[in-house]
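Heads up, the thing below is written out as C-alpha cells.
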Amino acid sequence: MQLDETRRALAKTGLARAALPDTFLVSLYRATAPYRGCGHGCRYCDGRAEKYYVDGDFERDIIVRENVAEAVARDVADGVALRESGAVALGSGVTDVYQPIEKELGLTRKTIEALVPTGLPIGVLTKSDLVLRDFDLFAKFPAAFVAVTITTMDERLAALLEPGAPPPEARIEVIRRARAAGFHAGIMAMPMCPGIDDDEESFARVAEAAKEAGAEFVYPGGVTLRPGRQKDFFSRSSTAIFRTAGNCTTNYSAKTGRRECRSSSDRRRANGAGTGCSARKALSR
Ligand code: SF4
C-alpha cells in the first residue's frame, strides 16, 4: 500500500504504563496504537473531538506509525515499563486497531508479536471481526481479553452509525469464537445514543445476542459530546433524526454539545408508555 507521506508518523514510545489500571480493559499498560483516525467512521466517535487533534478527514486520512512494532519490541526488551504484573491493552481512544487499513498493513499483528515476550495478559477492544485473524497470537499469552463494541443489533442502524464497521452479527461471531478459543470476551455497549438506540427493546436484543454467544458481560455506557466533529453529527442530525421524534429536538445543544433535555424514549418511559423509538426509525429510513 502506497502511503501519503503526510500520513506517516513515528511512534516515539511503544509501551506506556498507566498510573492506575484502565477501567475498560483493566490493563496497566497500553501499547502505542499503529493508527490515528479510524476507517470505521462511527458518527458518534469520541475520537473526533477537538481535544484529540486528529488532523484531516478522521475516517480517511489515517495517520500510520509504521515503526510501532519496533518501538514496542524495544520497550519490551528494555523492560523499562514492565516492572509490575498487569495486562497490556492494544489501541487508543482515537482508533480501532482492527480498522480496514490493518488488513493491508498488518501493524497491529506485528505489535502483538512484539508483546508476546512480556508474558503478560493482553486485551483488545474492537468493532471488527478482523481480530479473528490474530487469535493464533492471542493463544500465546497467559490470558486474552476480547471486548467487542455493539450498541445495536439493527443492521441498518449500525450501518448508518458505524458505516465502515462490520455488521453486529459479525461482531457477535467474534464473541462466540473468542469464548470457544478460551479467551475472556464481552460486549461494550457504548455509546448508547439517547433517542436512537438506548431504548429497552434495542438493548435487550444486544443482551440476548451476547448471552447466546457466551459473552461474559455487557457493559453499557453513554455518549460523550465534547466540542468537535462528533458533536456536529448530533447537532446536524437533530434536524433529520428528531424531526419526526416529536419533542426531543433540543436533546443536543449545538452550542455546548450537552444533552439538554430528556430523549423521547425517556419521556415515554416517564409517562409509562412503551419504549418504541421514533428517532431510530427516522434515522433508519
Ligand atoms: S471504531 Fe472506535 S475509534 Fe473507530 S470510529 Fe468507531 S468509535 Fe471511533
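Where a number appears in this text, it was derived from the coordinates with a stated rule and is not lab data. These figures come from a predicted structure and were not determined experimentally. Heads up, the Cβs are rebuilt from the backbone with ideal geometry, glycines too, and the neighbour counts pull from every protein chain shown.
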If I stretch the segment between D55 and L10 completely, what's the gain in nm (0.36 nm per residue apart, minus their alpha carbon distance), one decimal? 14.6 nm
Based on the Cβ-Cβ distance of A159 and E84, what FRET efficiency does E = 1/(1 + (r/R0)^6) give at R0 = 35 Å, to the nearest 0.05? 0.25
Geometric extent, Cα atoms of segment 1-140 - Rg, Dmax (angstrom): 14.4, 40
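Expressed in nm to one decimal, what extension gain is obtained for the pair E173 and E113 from 0.36 nm per residue of sequence separation less their Cα-Cα distance?
Numbers: separation 60, 0.36 × 60 = 21.60 nm, distance 2.39 nm.
My answer for the length gained is 19.2 nm.
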What distance in nm separates the two pseudo spin-label positions at E216 and D136, each 7 Å out from Cα along the beta-carbon direction? 2.5 nm
